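One structure is given here, and the rest of the page talks about it.
The values are calculated or read from the model by the stated rules, or taken from the named source; none is laboratory data. On a predicted model such as this, the values are computed, not experimentally measured, just so you know. Counting neighbours? That spans all protein chains shown, and the Cβs are built from the backbone with ideal geometry, glycine included. The protein model used for the area step is the full one, side chains on, heavy atoms only, and it has no ligands, DNA or RNA in it. Shrake-Rupley method; radii C 1.70, N 1.55, O 1.52, S 1.80 Å.
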Amino acid sequence: HIADREYILENVIPAIQHESAEDIVKFKMLDLEIYFRVVLSQKNGIASYKVSNELLETVGIDKQELLDKALKNIEPHIKVCSMAQMLSEKLGFEISEMEAEIPLFVGRSDLEIYGASAMLNNRIMEEIADKLNCRKLAIIPSSIEEILILKLENETREEIENINAMIT
């Protein structure tokens, strides 16, 4: 059943949105909130529903347990590629020369939904940093579906503040 404890824990994923007044299970993070969706497999795509406080209480799941399980569930679905690679795939032709000029990467979910939640998982962020061979990343939630990842190398605090100013 799609609303029982086991199903919820096996299919819950985290999602991010701006703060809301919705009566859903959520955690505050800066000016955003982390909330939870239970994914339902469908023949013609993926459907999901938000987890309400009432449902969580009814099935006896603790908020922390839900968060831990959601972060674990999303891990195998997060994929990272360069912006050039993503644009090449979307546009249907090679634009690899852009990769050297713009060290920008995209993190998204292969579920095609709620990929921005990748930034919530420390292990995923560490793997991305290792893959990009760097110790500092600028993470930019560009939408609920994906994050932009900028590799930082020797940027000064002032340069990082300038990057921040450009995207806010």
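List the number of the failed condition for I46; all other conditions in (1) open to solvent by 40 Å² or more (accessible area, probe 1.4 Å); (2) in contact with a helix residue (DSSP H, G or I) (Cβ under 6 Å, 6 or more places away or on another chain) hold.
Among (1) open to solvent by 40 Å² or more (accessible area, probe 1.4 Å); (2) in contact with a helix residue (DSSP H, G or I) (Cβ under 6 Å, 6 or more places away or on another chain), I46 violates only (2).
Suppose we filter the range 105-156 for residues that are part of a loop (DSSP other than H, G, I, E, B) and closer than 20 Å to H18 by Cα; how many remain?
Quick first cut of the range 105-156, residues part of a loop (DSSP other than H, G, I, E, B) only: 110-114, 121, 132-135, 142-145, 153-156.
In the following step, the residues that additionally are closer than 20 Å to H18 by Cα were identified as 112-114, 121, 142-145.
Number satisfying all stated conditions: 8.
Just one of the numbered conditions (1) surrounded by 17 or more Cβ atoms within 10 Å (Cβ to Cβ); (2) outside any loop (DSSP other than H, G, I, E, B); (3) modelled with pLDDT of 85 or more is not true of T58; which one?
Looking at each condition in turn, T58 falls short on (1).
Would you check which residues across the range 112-126 are without any contact (Cβ under 8 Å) to a residue 24 or more places away in the chain and among the acidic types (D, E) and list them?
As a first pass, look at the range 112-126 and keep what is without any contact (Cβ under 8 Å) to a residue 24 or more places away in the chain: 122, 125-126.
Result: E126, single match.
If P76 satisfies every condition in (1) in a strand (DSSP E or B); (2) closer than 18 Å to E146 by Cα; (3) at pLDDT 85 or above but one, which is the exception?
(1) is the only condition that P76 fails.
Taking the stated definitions as given, is E10 part of a loop (DSSP other than H, G, I, E, B), among the charged types (D, E, K, R) and either touching a strand residue (DSSP E or B) at 6+ places or on another chain (Cβ under 9 Å) or open to solvent by 30 Å² or more (accessible area, probe 1.4 Å) (or both)?
On the way: part of a loop (DSSP other than H, G, I, E, B): no; among the charged types (D, E, K, R): yes; either touching a strand residue (DSSP E or B) at 6+ places or on another chain (Cβ under 9 Å) or open to solvent by 30 Å² or more (accessible area, probe 1.4 Å) (or both): yes.
Judged against the criteria, E10 is not a match.
For (1) open to solvent by 50 Å² or more (accessible area, probe 1.4 Å); (2) modelled with pLDDT under 85, each residue gets a yes or a no:
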{"site": "D68", "(1), (2)": "yes, no"}
{"site": "C81", "(1), (2)": "no, yes"}
{"site": "F93", "(1), (2)": "yes, yes"}
{"site": "I102", "(1), (2)": "yes, yes"}
{"site": "L111", "(1), (2)": "no, yes"}
{"site": "G115", "(1), (2)": "no, yes"}
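Would you say A84 is outside any strand (DSSP E or B) and within 30 Å of E153 (Cβ to Cβ)? It would help to see each step written out before you state the result.
Details: outside any strand (DSSP E or B): yes; within 30 Å of E153 (Cβ to Cβ): yes.
Spelling it out, A84 is indeed outside any strand (DSSP E or B) and within 30 Å of E153 (Cβ to Cβ).
For residues in the range 18-36 being open to solvent by 30 Å² or more (accessible area, probe 1.4 Å) and assigned to a strand (DSSP E or B), which is modelled with the lowest pLDDT?
Within the range 18-36, the first condition is being open to solvent by 30 Å² or more (accessible area, probe 1.4 Å), and the residues that meet it are 18-23, 26-31.
Cutting the leftovers down to assigned to a strand (DSSP E or B) gives us 18, 26-29.
Details: H18: 86, K26: 94, F27: 91, K28: 89, M29: 81.
Here the answer is M29.
If you check E153 against the conditions, is it modelled with pLDDT of 80 or more and not aromatic (F, W, Y)? Don't jump to the end; show me each part of the working.
Details: modelled with pLDDT of 80 or more: no; not aromatic (F, W, Y): yes.
Criteria not met by E153.
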